[in-house]
């Protein structure tokens, strides 16, 4: 019985420690930069992307967004999903001509300091790609997806 109590205590302590370490505090400069850039954001949830980057998921103007900030407070990127009707004509034309026969799985707008692009996950048979197209219709990125990339999006 004593051994069972010890095992139970160790298990509970381990769970609590792992939870506490996963709940790192978002640096104040990152929070301040976020509030300055997105003053009307609601339901903000933070995750640490990696050692130098934080991601906020939030709602604004009845849409779901994600924004990434470096640990020093520098804004890196904002993304939000869009409807097909909101894709500009030049981007639709580029998709049709450069990716004929591909089905669109996901579509979103990505904004960075360099500008805005439309990002798509497209699939044709077993081939899946990530594609970025700027507002003028130029394909600025095309990358084959690996199985591990596909699983992350489920």
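The values are calculated or read from the model by the stated rules, or taken from the named source; none is laboratory data. All values reported here derive from a predicted model rather than from experimental measurement. When we count neighbours, we look across all protein chains shown, and the Cβ atoms used for this are built from the backbone with ideal geometry, even at glycine.
Would it be correct to say that residue 121 is under 26 Å from residue 74 (Cα atoms), in contact with a helix residue (DSSP H, G or I) (Cβ under 9 Å, 6 or more places away or on another chain) and either at pLDDT 95 or above or loosely packed, with under 11 Cβ neighbours inside 10 Å (or both)? Write out each step before concluding.
Working: under 26 Å from residue 74 (Cα atoms): no; in contact with a helix residue (DSSP H, G or I) (Cβ under 9 Å, 6 or more places away or on another chain): yes; either at pLDDT 95 or above or loosely packed, with under 11 Cβ neighbours inside 10 Å (or both): yes.
No; evaluated as a whole, the condition is false for this residue.
Does residue 85 satisfy the criteria of being outside any helix (DSSP H, G or I), surrounded by fewer than 11 Cβ atoms within 10 Å (Cβ to Cβ) and either touching a residue at least 60 places away in the same chain (Cβ under 8 Å) or at negative phi (or both)? Quick ask: steps written out before the conclusion?
Values: outside any helix (DSSP H, G or I): no; surrounded by fewer than 11 Cβ atoms within 10 Å (Cβ to Cβ): yes; either touching a residue at least 60 places away in the same chain (Cβ under 8 Å) or at negative phi (or both): yes.
Judged against the criteria, residue 85 is not a match.
Can you find a residue that is in contact (Cβ under 8 Å) with a residue 24 or more places away in the chain and in contact with a helix residue (DSSP H, G or I) (Cβ under 9 Å, 6 or more places away or on another chain) anywhere in segment 90-102?
yes
One line per residue, one yes/no per condition, for (1) in contact with a strand residue (DSSP E or B) (Cβ under 7 Å, 6 or more places away or on another chain); (2) at pLDDT 95 or above; (3) closer than 20 Å to residue 111 by Cβ:
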residue	(1), (2), (3)
17	no, no, no
23	no, no, no
27	no, yes, no
36	no, yes, yes
47	yes, yes, yes
54	yes, yes, yes
58	yes, yes, yes
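Report whether or not residue 50 is in contact with a helix residue (DSSP H, G or I) (Cβ under 9 Å, 6 or more places away or on another chain) and surrounded by fewer than 17 Cβ atoms within 10 Å (Cβ to Cβ).
Answer is no for this residue.
What are the residues in segment 124-136 that are within 15 Å of residue 108 (Cα to Cα) and either in contact with a helix residue (DSSP H, G or I) (Cβ under 6 Å, 6 or more places away or on another chain) or outside any loop (DSSP other than H, G, I, E, B) (or both), if any? If you could, list the steps in order and put the result at the bottom.
From segment 124-136, those within 15 Å of residue 108 (Cα to Cα) are 129-135; that's our starting set.
Selection gives 129, 130, 131, 132, 133, 134.
Considering only segment 69-78, state which residues are touching a strand residue (DSSP E or B) at 6+ places or on another chain (Cβ under 6 Å) and either buried (at least 17 other Cβ atoms within 10 Å of the Cβ) or not in a strand (DSSP E or B) (or both).
Correct list: 69, 75, 78.
Residue-wise test of (1) surrounded by 13 or more Cβ atoms within 10 Å (Cβ to Cβ); (2) at pLDDT 95 or above.
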{"residue": "99", "(1), (2)": "yes, yes"}
{"residue": "108", "(1), (2)": "yes, yes"}
{"residue": "116", "(1), (2)": "no, yes"}
{"residue": "126", "(1), (2)": "no, no"}
{"residue": "132", "(1), (2)": "yes, yes"}
{"residue": "139", "(1), (2)": "yes, yes"}
{"residue": "147", "(1), (2)": "no, no"}
{"residue": "153", "(1), (2)": "no, no"}
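Considering only segment 142-149, I want to know if a residue exists there that is at positive phi and assigned to a strand (DSSP E or B). Even if it seems obvious, please write down each step before you answer.
Narrowing segment 142-149 to residues at positive phi: none.
Taking every residue of segment 142-149 in turn, none turns out to be at positive phi and assigned to a strand (DSSP E or B).
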